[in-house]
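Following: one structure in structure tokens, then a few remarks.
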Amino acid sequence: MLTRYRTLRREGAREIVIKKSRFIGYGKPVTTEDEAIAFIESIRKKHWDATHNCYAYVIGDRDEIQKSSDDGEPSGTAGRPILEVIKAQQLKYTAIVVTRYFGGILLGAGGLIRAYTEGAVQAIEASEPIERVLRRKVSVEADYTWYGKIENELRNRGWPVGDTVFTDRVTIVCLPEVGEADRFIAWMTDLTQGRATITAGEAEYYDF
């Protein structure tokens with residue numbers, strides 16, 4: 001598994017107009033190729049009357065799957081530019097569709113490349129690019145006499161914290177990156193002089 005990667009937070013859309021042609025960029029985070037294809041088909045269905053629905057997507061930890069389509073535009077003027085924007089922004093598990101309604105003015109090959117590039121950029125901005133980081137949940141349970149010191153040290157050292165639960169003791173859920181979990185646990189054990197109950201949980205992705 002990747003310890004961190006960039007992707008989109010949500011599905012988003014944004015429209016621009018270039019020389020009377022409408023370009024609507026759609027972006028969505030996807031986990032599989034089937035999900036990417038389903039997203040593309042949903043946009044095609046929504047814009048069945050559009051002149052073109054061009055797309056690109058990247059799937060896989062190592063970008064194993066990369067596909068694009070010009071959907072009738074001159075070869076290399078639509079799908080490839082969209083794909084290059086995804087790759088330039090180092091996004092993974094991402095699908096982009098740029099829909100065009102022709103406005104009557106020919107843009108030429110260079111104009112099309114610029115238009116679809118900008119449509120992809122707008123789609124990504126509307127879908128909020130984020131970084132997903134693989135973190136391990138580490139629960140630190142201690143007496144209340146330790147709470148102030150633990151909280152202060154966590155803040156000073158910049159360790160991210162999730163929930164804090166107050167019962168007969170206090171439990172702080174800390175979120176070190178997977179590769180730093182062992183070091184964090186050793187540090188916390190030393191900080192609390194071994195008096196805290198420290199439990200390492202599952203690794204999960206968190207968005208930043």
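Every number in this text was worked out from the coordinates using simple rules, so none of it is lab data. Since the model is a prediction, treat every value here as computed from it, not as a measurement. Cβ sites come from the backbone with ideal geometry, for glycine too, and all protein chains shown count toward neighbours.
Observations
- If only residues of the range 37-46 that are without any contact (Cβ under 8 Å) to a residue 24 or more places away in the chain and among the aliphatic types (A, V, I, L, M) are counted, the one that is surrounded by the most Cβ atoms within 10 Å (Cβ to Cβ) is Ile37.
- Those helices (runs of 4 or more DSSP H) of the range 74-165 in which 2 or more residues are of a type in the set (A, V, I, L, M, F, W, C) and in contact with a helix residue (DSSP H, G or I) (Cβ under 8 Å, 6 or more places away or on another chain) occupy 79-88, 108-126.
- Among the candidates Arg10, Arg114, residue that is within 30 Å of Glu180 (Cα to Cα) and either of a type in the set (A, V, I, L, M) or surrounded by fewer than 23 Cβ atoms within 10 Å (Cβ to Cβ) (or both): Arg10
- Count of residues meeting criterion [farther than 21 Å from Glu128 by Cα and not in a loop (DSSP other than H, G, I, E, B)] in the range 38-56: 6
- Scanning the range 70-99 for residues that are of a type in the set (A, V, I, L, M) and in contact (Cβ under 8 Å) with a residue 40 or more places away in the chain yields Leu91, Ala95, Ile96, Val97, Val98.
- Here Ala186 does not fit the description of being under 26 Å from Arg6 (Cβ atoms) and part of a helix (DSSP H, G or I).
- Looking at Asp49, Asp34, Asp61, just one residue is within 28 Å of Lys20 (Cα to Cα), exposed (fewer than 15 other Cβ atoms within 10 Å of the Cβ) and among the acidic types (Asp, Glu), and that residue is Asp49.
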